[in-house]
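Let me begin by presenting the structure, written as structure tokens, before commenting on it.
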Amino acid sequence: MADRRPMGSLEAQVLGVLWRAEGPVTPAEVREALHSDLAYTTVMTILSRLWQKGLAERMKQGRAFAYGPVMSESDLAATRMRAALTATSDRTATMSRFVEGLNKREAAALRALLDEADG
Amino acid sequence: MNLLLVAPLLLTFGGAVAGLFLTRLVSPATCARVLTAAVVAAAGGMAAALVLVGMAASSELSAVSDAVGWCRALYPGDHGAAPWAGVVAVGILIVAAVRGVRYLRRVRSEHAPYKTIDGIEVVITSEPIAFAVPGRPGGVVMGSELFFGLDADERFAVLAHENAHLRHHHHRYVHTVELCAAVFPFLVPLARQVRFATERWADESAATEIGSRRTLARAIARVALMSHAREPSPALAFSGRGSSARVQALLHPVAPRRFELAMAVSFGTLAATLAGSSVQVHHLALFLVHACLS
């Protein structure tokens, strides 16, 4: 596809690696796990962006940093003060939200489907 | 109203209604594209028809007619464009314009807080939100409770879905048809279909990326039920068109119907709508040329 990969997409790829990893991972390990031709510096940049946003933790490992996922909301809040975005569903009506509202019958149908997907 | 005016309008509406059946026949991407084109054509045709009626009626007024020199040859005799019809047409046009401007303002004000979003942003809120913010830089906003409430695979699925919206520029389709629907509310059902088609499109794209339809289905169901627990929606105008339909489509993909049939319906829909609206615009153009030249 001619389109450039959006930053969100690269960040998601890298986060995916952090979430699947057993422990902290180095940028080189992330790059290897991605199986892509991303430059090492790009991976570094994405990791440090995620750290700045409080979505990843980092720790010194030898001379470099190793990164791990942030697992809870309290870590998220402690890591970084975020801009108070007033994100509520009635103020995002013109955006593409992940799910729309549900009525009772749909909720029941979804619970059945969820059992099916889990099973 | 003379037949020349009514026939294209009927054709336009017919094409638009036929579009409603498209979702079952073609891929979500084709559906979104064809329906968006149909909606734009229908809105254009409708606007042209209203302008035409307004102008035809004003040509009946001797004051206007003398001043501008309308040519009556184009609509000879009693074509029934009575002044009251003109007033109604112009009234509808004004209301439509106001509604359109209001919609654009709403989009702008809703997007304003997210101008600085660059990549993935987790916002601390218990509201189960996740949405794509188009534009540059653009990104994905997720509520913290949703983010940490899902397992890693589901979270990744949500991100893949929202990133698919950005990659395929879905906001262009959605904003275009919702503007048309804001202007002419008879297009609201079709606009909903386009929105649903973009959701299905993003689902298919994300399922391919993560390599599991089941994981994405589970993520949609879980987020939808979280939202439901907070504020159940009384009723959807198109029930069965929301989350459960998406989960259903992911878990039980329907083999695409016969290709020719699907293409025939797509092109039929588009052609009918385009034909309808282009006749409309053609009328208007002829009218303007006569008005200006005579």
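So the values come out like this:
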quantity	calculated
Estimated inter-spin distance, residue B:285 and residue A:118, nm [label 7 Å along Cα→Cβ]	6.1 nm
For segment B:107-181: Kirkwood Rh in Å [reciprocal of mean 1/r, alpha carbons]	13.0 Å
Length-normalised contact order for segment A:7-118 - Cα pairs under 8 Å, 6+ apart - percent	21 percent
Pair residue A:59, residue A:108: separation of 7 Å Cα→Cβ label points (nm)	5.0 nm
Using a Förster distance of 56 Å, the FRET efficiency for residue A:72-residue B:175 (Cβ separation, nearest 0.05)	0.95
Distance in nm between pseudo-label sites at residue B:27 and residue B:101 (7 Å out along the Cβ direction from Cα)	4.2 nm
Stretch gain in nm, segment residue A:48-residue A:21, where the contour uses 0.36 nm per residue and the Cα spacing is subtracted	8.0 nm
Residues whose placed amide H lies under 5 Å from that of residue A:57, excluding near-sequence neighbours	A:68, A:70
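Any read-out appearing in this document is the output of simple, stated calculations on the displayed coordinates, not a laboratory observation. No experiment lies behind these values; they were computed from the predicted model shown. Every residue, glycine as well, gets a Cβ built from its backbone with ideal geometry; the counts of neighbours run over all protein chains shown.
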